[in-house]
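For reference, the structure is listed below as structure tokens.
The values are calculated or read from the model by the stated rules, or taken from the named source; none is laboratory data. Since we're looking at a predicted model, the values are computed, not measured. Note that we place each Cβ from the backbone using ideal geometry, even for glycine, and neighbour counts take in every protein chain shown.
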Amino acid sequence: MANKYKNILGLHLPTDPRWTDLAGMSIQEILSDHAYCEQKAAVSCISLIQRYPAYTKLVNDLAPIVTEEWGHFRKVLFEIEKRDLQLERQRKDEYVNKLMAFQKKGGSEEERLLDQLLTMAMIEARSCERFKRLSEGLNDDYLREFYRFFMESEAGHYHLFIDLADTYFAHATVRKRWGEWLIFESDIIRNLVIRGDRIH
């Protein structure tokens, strides 16, 4: 399974194993941050639909993802409440903010769309890798299965965003830019402080 997801995702740097141990000691915090990640994913898909309504396949493919991501938010929220925990305040997502800063500014609408799709793909890929870590490393049997479900979902979303990029741009263009994203993202992971209260 580890090699399978490594090959699918292509991430250059794996998560430090210490992150899983820290996350296991911060369940309320990690569930709260996860809930907001799902919420923001739904909002991001809505934003893309609003920005690019003429891109029919994009609209049709992302419309059900909006519903799915919001359902995931509710699923995580239910898990928080079931455990008599509290949804905490949303925190600044330094990882995502650094990814956003790497997006090309200016240029054509098409160029901006490519980077927006690849940003979403990267977030889904790293989330999948993190959820895999939780599905294998948590001491809570139920939460291991809980995060296996999310791992598989994120892998599918990663593929969706890459496929959309391939739909609207030349394959070579997508692969070249994706390679740049992978290098940049590995530098982010290498330099971020390891925190167990965040998904990213």
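Couple of notes before you dig in:
- Within the set L77, L22, L31, L99, the sole residue that is part of a helix (DSSP H, G or I) and either among the β-branched types (V, I, T) or under 25 Å from L164 (Cβ atoms) (or both) turns out to be L99.
- Checked across the range 80-93, the condition of being in a helix (DSSP H, G or I) and crowded, with 18+ Cβ neighbours inside 10 Å holds for at least one residue.
- Looking across the range 62-80, the residues that are over 13 Å from K40 (Cβ atoms) and acidic (D, E) come down to E68, E79.
- Screening K92 against (1) farther than 22 Å from L62 by Cα; (2) modelled with pLDDT of 95 or more leaves a single unmet condition, (2).
- Only residues that are more than 19 Å from I189 (Cβ to Cβ) and among the small types (G, A, S) were counted across the range 136-166, and they come to 3.
- Enumeration of residues in the range 147-197 that are part of a loop (DSSP other than H, G, I, E, B) and either in contact with a helix residue (DSSP H, G or I) (Cβ under 9 Å, 6 or more places away or on another chain) or closer than 22 Å to N97 by Cβ (or both): F169, L192, V193, I194, R195, G196, D197
- Checking every residue in the range 115-125 against the condition of being touching a Ser or Thr at 6+ places or on another chain (Cβ under 6 Å), touching a residue at least 24 places away in the same chain (Cβ under 8 Å) and not aliphatic (A, V, I, L, M) gives zero matches.
- V43 vs. criteria under 17 Å from the mean Cα position of the chain (by Cα) and loosely packed, with under 15 Cβ neighbours inside 10 Å: yes
- Here is the figure for the range 141-159: residues that are surrounded by fewer than 16 Cβ atoms within 10 Å (Cβ to Cβ) and of a type in the set (A, V, I, L, M, F, W, C) total 1.
- Index of the failed condition, L138 passing every other in (1) touching a residue at least 40 places away in the same chain (Cβ under 8 Å); (2) under 25 Å from W178 (Cβ atoms); (3) of a type outside the set (S, T, Y); (4) buried (at least 19 other Cβ atoms within 10 Å of the Cβ): (2)
- Residue that is surrounded by the fewest Cβ atoms within 10 Å (Cβ to Cβ) [pool: residues in the range 94-130 that are among the polar types (S, T, N, Q) and either under 14 Å from I30 (Cα atoms) or touching a helix residue (DSSP H, G or I) at 6+ places or on another chain (Cβ under 8 Å) (or both)]: Q103
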